[in-house]
Amino acid sequence: MFRDLNSSLLALKNSAEALLISATDPVYYKLTAISSRTDILTAEVSGTPAKAVYSIFVSRLASQDVVVSNQLVSSDTSLWTTTSTKTFTITVGGVSRDVSVSVTSGQTNEQVLAAMAKAINAAGVGARVAVVSQTAGRSRLVITSTAIGL
């Protein structure tokens, strides 16, 4: 009887040891990352992190970024007072491009904004630009990223 018990305990010990990869890395201590929506979020465990449960809640999905300028009096000529070409840099999604705009003295703010919109749209920077008049006689630039999440 003791021999059968001893054999059974030895078999149990051998089975338990088979679960061990090494003395410091047992299978039952392996940590895993699980996502209920792998189409949205994936994760992996590396190193020897502390055991924990992390919950991620998505409150809003990525959307196109929109930048809106201040409103300007459309008929005013205050935005650009001299005939010249100005160059500025626009960055979308980490990609920067220089954009040049030529304006003639006496052009209205609405005309200058339209020239800026045309130049940015032609530069292919990953943004659409439009001149918007939300209030009669006042204009602004609206710059919208063409990519989501940038």
message = Could you compute how much accessible surface R37 exposes when probed at 1.4 Å, giving the result in Å² to the nearest 10?
response = 120 Å²
request  = Specify whether the C-alpha gyration tensor of the range 71-137 places it in the rounded, prolate or oblate class, a ≥ b ≥ c being the square roots of the eigenvalues: rounded for a/c under 1.5, otherwise prolate if a/b is larger than b/c and oblate if not.
outcome  = oblate
request  = Please work out whether the range 103-147 counts as rounded, prolate or oblate from its C-alpha gyration tensor, where a ≥ b ≥ c are the square roots of the eigenvalues and a/c under 1.5 means rounded, while otherwise a/b larger than b/c means prolate and anything else oblate?
outcome  = oblate
ask   = So how tilted is helix 109-123 from the main axis of the chain? Cα-based, degrees 0 to 90, rounded to 10.
value = 40 degrees
ask   = Counting Lys and Arg as +1 and Asp and Glu as -1, each charge on the Cβ, what is the dipole of the chain about the Cα centre in debye, to the nearest 20?
value = 180 debye
ask   = Tell me, what is a quarter of the convex hull surface for the C-alpha atoms of the range 39-83, in nm² with one decimal?
value = 8.5 nm²
Local electrostatic count at V99 - Lys and Arg +1, Asp and Glu -1, tallied over other residues with Cβ under 13 Å = +2
query = Which aspartates and glutamates, on any chain, are close to K13 with Cα under 18 Å apart, when same-chain ones fewer than 8 places away are left out?
reply = D4, D25
ask   = What aspartates and glutamates could a cross-link reach from K86, if we take a straight Cα to Cα line under 12 Å and drop same-chain neighbours fewer than 8 places away?
value = D98
inquiry  = Test of understanding: what is the full-extension gain from R128 to S46, defined as 0.36 nm times their sequence separation minus their Cα-Cα distance?
reply    = 25.4 nm
remark   = Sorted by accessible surface (1.4 Å probe, heavy atoms of the protein chains only), largest first, I40, I120 come out as I40, I120
task = Give the longest segment of the chain that steers clear of chymotrypsin sites (Phe, Trp or Tyr not before Pro) in DSSP loops with at most 11 neighbouring Cβ atoms within 10 Å, not counting the sites themselves.
result = 58-150
query = Direction-averaged shadow area of the convex hull around the Cα atoms of the chain, nm²?
reply = 15.6 nm²
ask   = What accessible area per residue comes out for the range 39-91, rounded to a whole number of Å², with a 1.4 Å probe?
value = 87 Å²
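The values are calculated or read from the model by the stated rules, or taken from the named source; none is laboratory data. What you see is a predicted model; the values in this text were computed from it and never measured. As a convention, Cβ positions derive from the backbone with ideal geometry for all residues, glycine included, and neighbour counts pool all protein chains shown. The accessibility values were calculated without ligands, DNA or RNA, using every heavy atom of the protein model including side chains. Shrake-Rupley method; radii C 1.70, N 1.55, O 1.52, S 1.80 Å.
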